Amino acid sequence: MTPAPPASGDEAGDRVVLDADSVKHQQVRRHLLDMIATMPVGEQLPPERVLAARFGVSRVTFRQAVSSLVESGHVVRRQGAGTFVADPRISKRAEFLGFSEEMAARGLIPSSRVISATTRAAGNSVGAELGLSPAEKVVHIERVRMGNGIPICLEEVDLPARRVPGIEDLDLTGSLYAVLSDTYGIVLSEAEQVIRTIVLDEQQAQALGVPPFSAALVIERLGFDAQRRPIERAVSVYRGDRYDIRQTVKRFVH
């Protein structure tokens, strides 16, 4: 049965009869997918009690179905407000693209909010990665990266200061790779990166507009120019509800 459009008040459409021989939360999930396919991004789903009654399931079963949709990026929960239809999740493929290039490839308008751009000593860790002494200077840039105005990523980048003099005074709200290419003739052609998962602390969550302790992906990247000189050390924290990693892998059989 195709779910009726949600209505206001205590009614959310006709009662849905579930198949007794199939797992209930999976059936509820399928019906909810049909429902949200007809709803615009950002629209709120009817209250939990209304939809649970409509499907004839317990709230525990209903929450199991909704949690699955949250994990898949179809809906988002907002504490104290409810559940809303989410923007489509952004999938990162195994290509070396900058954030602005990724967003543009998916039809989204990239932008950035610069938190800070300062010069400081590289220190032991960053210096080792960029081939600098700990006392050498790096430019440290922190930004919130957005697609269509929605925060997607928190980004911290370190660049050897001697390679990019004055970059901290330039407009960094757009593509950093375009600035490197157009202003300094630096083109990054290769990168090594590590991907891991974290939960966001309160400051990170606030910057990304999600609840504290939400899941996130961290990509730690070291970018090289054509002569394989390390140029960029970046740590990017992506919202787990809006971003995933997609790769095509091949198995070689001998």
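For segment 91-202, what is the convex hull (Cα atoms) projected area averaged across all directions, in square nanometres? Walk me through the intermediate numbers first.
On the way: hull surface 31.8 nm².
For segment 91-202, the mean projected area of the Cα convex hull comes to 8.0 nm².
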Whenever you get a sec, compute what percent of the accessible area on segment 73-230 sits on carbon and sulfur atoms (1.4 Å probe).
-> 51
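What value, in deg cm²/dmol to 500, does the helix sum -39500 (n - 2.57) over DSSP H runs of n ≥ 4 give at 222 nm once divided by the residues of the chain? Could the numbers behind the result be given before it?
On the way: 7 runs with 65 residues, N = 254.
Estimated from H runs of four or more residues: -7500 deg cm²/dmol.
If you stretched the chain out fully between Val50 and Leu33, how much longer would it get, using 0.36 nm times the residue separation minus the C-alpha to C-alpha distance? Walk me through the intermediate numbers first.
Numbers: separation 17, 0.36 × 17 = 6.12 nm, distance 1.66 nm.
The span from Val50 to Leu33 would gain 4.5 nm if fully extended.
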Choice from Gly98, Gly42, Gly80 with maximal GNM fluctuation in the chain (Cα, 10 Å cutoff) = Gly80
Kirkwood-based shape ratio for the chain, expressed as Rg/Rh from alpha carbons | 1.09
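For segment 31-179, what does the accessible surface come to per residue with a 1.4 Å probe? Please give it in Å². Don't skip to the end; give the middle numbers.
Numbers: 6980 Å² over 149 residues.
Solvent-accessible surface per residue comes out at 47 Å².
The values are calculated or read from the model by the stated rules, or taken from the named source; none is laboratory data. In this text, all values refer to a predicted model and were calculated from it rather than measured experimentally. Areas reflect the complete protein model, heavy atoms only, side chains present, ligands, DNA and RNA absent. Shrake-Rupley method; radii C 1.70, N 1.55, O 1.52, S 1.80 Å.
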